[in-house]
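Working notes, structure below.
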Amino acid sequence: MNRVVLIGRLTGKPELRYTGSNLPYSRFSVAVSRNFTNNQGQREADFINIIVWRKQAENICNYLDKGSRVSIEGRIQTGSYDDKDGNKRYTVEVVADSVEFLDTKAQSQARQESNFEPSPSPYDYQGGPSNNVDVATNPFADFGEEVTIDDNFLE
């Protein structure tokens, strides 16, 4: 079985490209934090190359930017080629079957502009309360994000 699940942040703005037969694709890299710290107490990251095809590639290029958090599910693919000097080079990448957007382009841009660390997602949970709001007393407490409910929600 060849299955990979990753959660990380895009290391750059993805670019849309097309094959000779006009099939859209995008190659980009995702920084995935390791679950442990090094000897200096710092968390390191692995940079994983990703390739996405068709409509999903178009959506990624339209809606994600550098720093966007994504969840990727796919498979590992290896390959090789000869560089311009005739040396054999090997490649490893994840071919994405599914990419889930864990934050929006606007959230990523706001974070980059303000150097603001986003509030933790369920994937970042480290234990302990995130704030002192008693949700039992106020289920509509302000957690830092605007909540809008459409009037036609139940229709």
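Residue count for region 17-74, restricted to those that are touching a strand residue (DSSP E or B) at 6+ places or on another chain (Cβ under 9 Å) and either surrounded by fewer than 13 Cβ atoms within 10 Å (Cβ to Cβ) or in a strand (DSSP E or B) (or both): 39. On the stretch given as region 75-87, residues that are charged (D, E, K, R), open to solvent by 60 Å² or more (accessible area, probe 1.4 Å) and within 27 Å of Leu23 (Cβ to Cβ) total 3. Residue-level analysis places Glu73 among those that are modelled with pLDDT of 95 or more and either within 14 Å of the chain's Cα centre (by Cα) or among the acidic types (Asp, Glu) (or both). Is there any pair with a first residue in region 1-28 that is in contact (Cβ under 8 Å) with a residue 60 or more places away in the chain and a second that is loosely packed, with under 13 Cβ neighbours inside 10 Å whose Cβ atoms are under 7 Å apart and which are 6 or more apart or on different chains, and what are they? Filtered contacts from region 1-28: Asn2/Ile76; Val4/Ile76; Ile7/Tyr123. Checking each residue in region 1-16 for being open to solvent by 70 Å² or more (accessible area, probe 1.4 Å), part of a strand (DSSP E or B) and over 17 Å from Val92 (Cβ atoms) picks out only Glu15. Please go through region 31-46 and give me each residue that is closer than 18 Å to Leu10 by Cβ and either among the hydroxyl-bearing types (Ser, Thr, Tyr) or modelled with pLDDT of 95 or more (or both), ordered by number. If the condition is that a residue be closer than 18 Å to Leu10 by Cβ and either among the hydroxyl-bearing types (Ser, Thr, Tyr) or modelled with pLDDT of 95 or more (or both), then Ser33 is the only one that fits.
The values are calculated or read from the model by the stated rules, or taken from the named source; none is laboratory data. As the structure is a prediction and not an experimental result, all values here were calculated from the model. Note that we place each Cβ from the backbone using ideal geometry, even for glycine, and neighbour counts take in every protein chain shown. Calculation scope for accessible area: heavy atoms of the full protein, side chains included, ligands and nucleic acids excluded. Shrake-Rupley method; radii C 1.70, N 1.55, O 1.52, S 1.80 Å.
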